[in-house]
Structure formats: C-alpha cells, structure tokens
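A.B. asks: One structure coming up, written as structure tokens, with questions to follow.
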Amino acid sequence: MSRSWPMLMLRGSTYYYHRNVPKRLRPLLGGKAQIWKSLRTSDHDVAKLRSLEEGQRVERQFQALTLRASSAQTDPESLARLYSSRAEAEDAAWRARRKVEDDEQLDVELDALTSAVDDHAAALRLQDVNLVSKLLDDVLI
C-alpha cells in the first residue's frame, strides 16, 4: 500500500475506505472516531477511484456537520431546538420504562418546567443565561 493512498485499506481481499473523524465532529456522529466503508472490490485501481469518491462524500458530510455545529453554537434558537428534540427523545424512552401511575406526577413536573422556560424565554432570547442558570442546575440535578 503506498503512502499516497492512506485512506485505502485492505481487509482480506476487499478494499475499504478509512477516515479518522476530527475530534470536534465526533459528538455529532455519536462519538464515532473512524469511518470505514467497504469499496466492494479487490482491484487496487478500482479501489483508488472509489476511495476518492467516498472521500468526497465524507468531506461534504464533515463540512455540513461543521456548519451545523457552528450555527448551533451561535444561534441560541437552533441550540434550543436541538436540546428540545434530544430531551423529547430521552423523555419518550424514560416514559416507556416508567410505571403508568407515575405518569401523572411526570406531567405535573413537565408542566412546571414548561412554565419556567416560558417565563424565562425573553432572557434566553437575549442570551442572558444568568437568570435561568439556577433553574437549569436544579433541573439537571
């Protein structure tokens, strides 16, 4: 294997595309540190061409993730939407594990949290987290 094709790896008789995920993007890919993709060939020349095509797809994906990450960091509403969608998914999984009689208490707690977030929405829009940091700390605990 020549050094000019570091993304090309041979496993058995099949070539694979291999790429390390930059550390800053790993959280956006579920913690994955590497990308492996079968090129479905044992021919070295064909594998080189396919690895270039796969490399372009991966780089475009990395660029899109970088853009998404930077907009989420600068746009509090995007960050809030991302947090909300993750929180809803975690809540659904947690509800599935809970007993039916606990759902009423959970609804009361969620209503209280929703009310608190609504009360502090103006501060969040102004990116003033000082007003809600205690509330967030209490919720996270």
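A.B. asks: Can you work out which of the residues in segment 8-33 that are more than 13 Å from L65 (Cα to Cα) and within 15 Å of the chain's Cα centre (by Cα) is surrounded by the fewest Cβ atoms within 10 Å (Cβ to Cβ)?
C.D. replies: The residue in question is G31.
A.B. asks: Out of R19, R40, which single residue is basic (K, R) and not in a loop (DSSP other than H, G, I, E, B)?
C.D. replies: R19
A.B. asks: Sticking with this structure for a sec: What pairs come out if I take residues in segment 17-46 that are of a type in the set (A, V, I, L, M, F, W, C) and pair them with residues that are surrounded by fewer than 13 Cβ atoms within 10 Å (Cβ to Cβ) and assigned to a strand (DSSP E or B) whose C-beta lies under 9 Å away, six or more apart or interchain?
C.D. replies: Correct list of pairs: V21/Q34; A33/N20; I35/N20; W36/R11.
A.B. asks: Still on this structure: In segment 62-79, what count of residues is obtained for those that are in a helix (DSSP H, G or I) and either at pLDDT 85 or above or of a type in the set (D, E) (or both)?
C.D. replies: Adding up the residues that qualify gives 6.
A.B. asks: Still on this structure, please answer the following. Would you check which residues across segment 22-37 are closer than 14 Å to Q63 by Cα and in a strand (DSSP E or B) and list them?
C.D. replies: Residues satisfying the conditions do not exist here.
A.B. asks: Here is a further query. In this structure, is E59 loosely packed, with under 12 Cβ neighbours inside 10 Å and modelled with pLDDT of 80 or more?
C.D. replies: Here the answer is yes, as E59 does meet what is asked.
The values are calculated or read from the model by the stated rules, or taken from the named source; none is laboratory data. What you see is a predicted model, and the numbers here were worked out from it, not measured in a lab. Counting neighbours? That spans all protein chains shown, and the Cβs are built from the backbone with ideal geometry, glycine included.
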